[in-house]
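Data block below; observations after.
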Amino acid sequence: MPMTSRVRRLALTVHVTFSVGWIGAVVAYLALGVAATTSTDTQTVRAAWTGMELTGWYAIVPLALTSLVTGMVMALGSKWGLFRHYWVFISFVLTLIATGVLLFHMPTVTSLAEVAQEAEGASLEALGGDLSHPGIGLLVLLVVQVLNVYKPPGMTRYGWRKQQEQRNAAMR
């Protein structure tokens, strides 16, 4: 069911806000990971891991979930549909994967933040930072952003069939 223009603009504003917020929170998390990796100061490493845990649970997870839900609302309530165009479908799948990886990874971050609070010396240095997950996650989010801005052409088989059905119904 298509949204009215006013509702669509509101939904788009909410979706873009949460999606861009997700990217920004991942950048902040990545900065904390770099600090944990490069610092030799015990307090900095501990604080970085605590910050990564808090940023993950209280910023990234809510932003990711809201972005996923608002993206589905936008797709299902607009002419683009969720399964009609490749760029929408690929964006949805990448967002779903990124959210899933995030939700499975966050308990590990919590465990490592707890380890960082207790560790000393070489074991704290060996802990390092969390760079690969947020680095790859940021790359995936940027790919999704590019797909959503450029909207490359191409319809799925489902989209092509629906378009043909609409044309045939209009000709009757």
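The values are calculated or read from the model by the stated rules, or taken from the named source; none is laboratory data. Just so it is clear, the model here is predicted, and its values are computed rather than measured. Neighbour counts run over all protein chains shown; Cβ positions are idealised from the backbone, glycine included.
Of the residues in the range 44-55, at least one is without any contact (Cβ under 8 Å) to a residue 40 or more places away in the chain, closer than 19 Å to residue 18 by Cβ and part of a helix (DSSP H, G or I).
A search for C-beta distances below 6 Å between a residue of the range 73-90 that is under 19 Å from residue 16 (Cβ atoms) and any residue that is among the small types (Gly, Ala, Ser), counting only pairs 6+ apart in sequence or on different chains, returns 73/11; 74/11; 82/75; 85/159; 88/75. One residue alone among 101, 115, 140 is of a type in the set (Val, Ile, Thr) and under 25 Å from residue 41 (Cβ atoms), and that residue is 115. Only residues that are more than 15 Å from residue 141 (Cα to Cα) and aliphatic (A, V, I, L, M) were counted in the range 50-68, giving 3. Out of all the residues in the range 74-83, is one or more assigned to a helix (DSSP H, G or I), modelled with pLDDT of 95 or more, buried (at least 20 other Cβ atoms within 10 Å of the Cβ) and of a type outside the set (Lys, Arg)? No, the range 74-83 contains no residue that is assigned to a helix (DSSP H, G or I), modelled with pLDDT of 95 or more, buried (at least 20 other Cβ atoms within 10 Å of the Cβ) and of a type outside the set (Lys, Arg).
Considered as a group, the residues in the range 55-71 that are of a type outside the set (Gly, Ala, Ser) and surrounded by 16 or more Cβ atoms within 10 Å (Cβ to Cβ) include one that is farthest from the chain's Cα centre (by Cα), and that residue is 55.
When the residues of the range 109-160 are filtered to those that are surrounded by 12 or more Cβ atoms within 10 Å (Cβ to Cβ) and among the hydroxyl-bearing types (Ser, Thr, Tyr), the one that is nearest to residue 87 (Cα to Cα) is 156.
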